[in-house]
Amino acid sequence: MTLRFAGACLTALAIHGGAACASRQGPGAATPAQPPTRPPPAAAAVSPAPPGPPGRPWHGSLSAGLGLASGAQAQRGYQFDAAATRQFSAIGHFTGNVSHEYEKITYPSESLSADRSAASVGADFVTTKHTVLMARSLFLRDQLLEVDARFEQLIGYGGHFFGPKRHYELYLVPGLSVFKQDLTYSDLLGWQAGLGFYERFVVKIAPAWSVDQSLRFRNNVTDADRSIEALARIQLMLTKTLSVQLSHQFNHESIVPDGSPNYLQTLSAGLRFQF
């Protein structure tokens, strides 16, 4: 009994002491400081993608003209031309051109005075500061000069000269070509070879005025004939992209039969849009 009484007294003292300690701390007693919480690791910054290579824009032109005549002679005609170029490497650029010209006399009697379609596609390579390598695939159809179809592959290497700020440009390029033609008056359909040259001169004579002249000559080395294509154009800029132009074109085919015209020249005016 004595042991039980002593144990009860100790238990009561422990409870009383714990309550007294709690009463001394009070309800506003500070709680033990907690260790600082680490912020979550920030997401790794994503660096922007490096810019791609600068785009190589297309440049070119679209031109069109219309011709009408009435009175003693009635005539109508039209012509259009489209050209495009785009740089594809540090030294090379693509070039393409398509054109069509049509003229017809309708009174007093109908007769065709022009019906010519031409197209070319190829590339120019600037090999040095003043030399250029040209490659072209050409197509021609001229009903008046009796060329039903002509396909030609041309390559040339020559000089390219220009002034300060490209005030003028001059191309002098001799070349070699192979071609296959279907002529109205001939049944020779095999491939032939030719030698010739290409010349072009562009000059800006005033802020709004410019002249563009070109000449292509080919002499057939497998037969006795030659071909000449010449163009001269004067242009007046009305805005930064729109101009009015006057063009003179001369084409010659020496192989036509006797009694048929072996050349054709036309004069036309129209508008030209550049991009």
Quiz item: Which of the lysines could a cross-linker span from Lys165 if the Cα-Cα distance has to be under 23 Å and same-chain partners fewer than 8 positions apart are dropped?
Solution: Lys129, Lys204, Lys240
Quiz prompt | Under 16 Å from the Ser186 label point (7 Å along Cα→beta-carbon), backbone N, the stretch 140-154 | solution = 140-153
Quiz item: Roughly speaking, what is the stretch gain from Phe273 to Tyr168, that is 0.36 nm per residue apart minus the C-alpha to C-alpha distance, in nm to one decimal?
Solution: 35.7 nm
Quiz item: Each residue of the stretch 175-182 in turn: what ³J(HN,Hα) in whole Hz from Karplus with 6.51, -1.76, 1.60 and θ = phi - 60°, glycine and Pro shown as x?
Solution: x, 10, 9, 10, 8, 9, 10, 10
Exercise. In whole Hz, with x marking every Gly and Pro, tabulate ³J(HN,Hα) for the stretch 201-211 from phi via Karplus 6.51 cos²θ - 1.76 cosθ + 1.60, θ = phi - 60°.
Key: 9, 10, 9, 9, 8, 7, x, 10, 10, 8, 10
Exercise. Compute the normalised compactness of the stretch 118-274: alpha-carbon radius of gyration over 2.2 N^0.38 Å, N being the residue count.
Key: 1.15
Quiz item: Once label points are set 7 Å from the Cα along Cα→Cβ at both Arg76 and Tyr263, what is their separation, rounded to one decimal in nm?
Solution: 3.1 nm
Quiz prompt | Selection from Gln249, Phe217, Val202 lying farthest towards where the dipole of the stretch 190-275 points positive, charges on Cβ | solution = Val202
Quiz item: Put a dot 7 Å past each Cα toward the Cβ at Val98 and Ser137; how far apart are the dots in nm?
Solution: 1.4 nm
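Contact order normalised by length for the stretch 118-274, with contacts defined as Cα pairs under 8 Å and 6 or more residues apart; what percent is it? Mind dumping the intermediate values first?
Working: 392 pairs, mean separation 21.3, N = 157.
So the answer I get is 14 percent.
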Quiz prompt | Other-chain or far-sequence residues with amide H under 5 Å of Asp225's (modelled H) | solution = Asn220
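Taken together, the values in this text are just the output of simple stated rules run on the coordinates, not laboratory data. Since we're looking at a predicted model, the values are computed, not measured. Counting neighbours? That spans all protein chains shown, and the Cβs are built from the backbone with ideal geometry, glycine included.
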